[in-house]
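Q: Mind having a look at this structure? Questions to follow.
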Amino acid sequence: MGREVSESCIDNLLTEMVSTYCNRFYANKPELAARRIEAIGYQVGHQLSERYTMERPRFSDHLEAIKFICKDFWFELFKKQIDNLKTNHRGTFVLQDNRFRWLTNMSIEQPPENGTSEELSIVADNKALQSMHLYFPCGIIRGALSNLGIPCAVSADISNLPACSFVVRIKA
């Protein structure tokens, strides 16, 4: 039987990590905060991938490894599989989670049509904070794939909360 951690503990840990890196350690350097958060995710993903693939044979190609991430790896992390996987068959994969758990509690604020600059600024800050929360899972995916021998870059898109798309670009 594997060890499990409460979902609320992980949610709170992620929130505190993002808050601490963005507001305390690197308050004036959001790009550095993002890199640090992604690096922590990379370490976590690398170690989890090592644990979850210990008893498996190595994957024969990129698609097989990506399918592992979408099905087994994602299920171990979020108790569900990725909802949709798309590829252009040239090294780019889009992993779609229609209800990404780490974004479900985020508020969805649309900018008012004739909003003041202060209202628009609050909405922009909220969007920036939401995107900061995605560096950690991007790092997890990149770390897991790196452990599987697949160097890549991972980015995320949150145009329709709580849905999230992770774009994986395999490095040649």
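The values are calculated or read from the model by the stated rules, or taken from the named source; none is laboratory data. Just so we're clear, the structure is a prediction, and the values are computed from it rather than from any experiment. A quick note on method: Cβ atoms are made from the backbone with ideal geometry, for glycine too, and the neighbour counts reach across all protein chains shown. What goes into the accessible areas is simple: the full protein's heavy atoms, side chains included, and nothing from ligands, DNA or RNA. Shrake-Rupley method; radii C 1.70, N 1.55, O 1.52, S 1.80 Å.
Q: When only residues in region 89-102 that are outside any strand (DSSP E or B) and in contact with a Phe, Trp or Tyr (Cβ under 9 Å, 6 or more places away or on another chain) count, which is least open to solvent (accessible area, probe 1.4 Å)?
A: The selected residue is Phe100.
Q: Something else: So is Glu50 touching a residue at least 24 places away in the same chain (Cβ under 8 Å), open to solvent by 60 Å² or more (accessible area, probe 1.4 Å) and over 24 Å from Lys171 (Cα atoms) or not?
A: In short, no.
Q: Suppose we keep only residues that are assigned to a helix (DSSP H, G or I) and not small (Gly, Ala, Ser) within region 144-172. Which one would you say is farthest from the chain's Cα centre (by Cα)?
A: Asn147
Q: Another question, then. Please go through region 103-143 and give me each residue that is modelled with pLDDT of 80 or more, part of a helix (DSSP H, G or I) and touching a Cys at 6+ places or on another chain (Cβ under 9 Å), ordered by number.
A: Across region 103-143, the qualifying residues are Leu103, Met132, Pro137, Ile141, Arg142.
Q: Within the set of pairs 6 or more residues apart or between chains, which connect a residue that is closer than 14 Å to Ala156 by Cβ inside region 90-106 to a residue that is buried (at least 16 other Cβ atoms within 10 Å of the Cβ) and hydroxyl-bearing (Ser, Thr, Tyr) with Cβ atoms less than 9 Å apart?
A: From region 90-106, the pairs are Val94/Ser165; Leu95/Ser165; Gln96/Ser165; Asp97/Ser165.
Q: I would also like to ask the following. So is Ser19 out of contact with any helix residue (DSSP H, G or I) (no Cβ under 7 Å at 6 or more places or on another chain) and open to solvent by less than 50 Å² (accessible area, probe 1.4 Å) or not?
A: So Ser19 passes the test.
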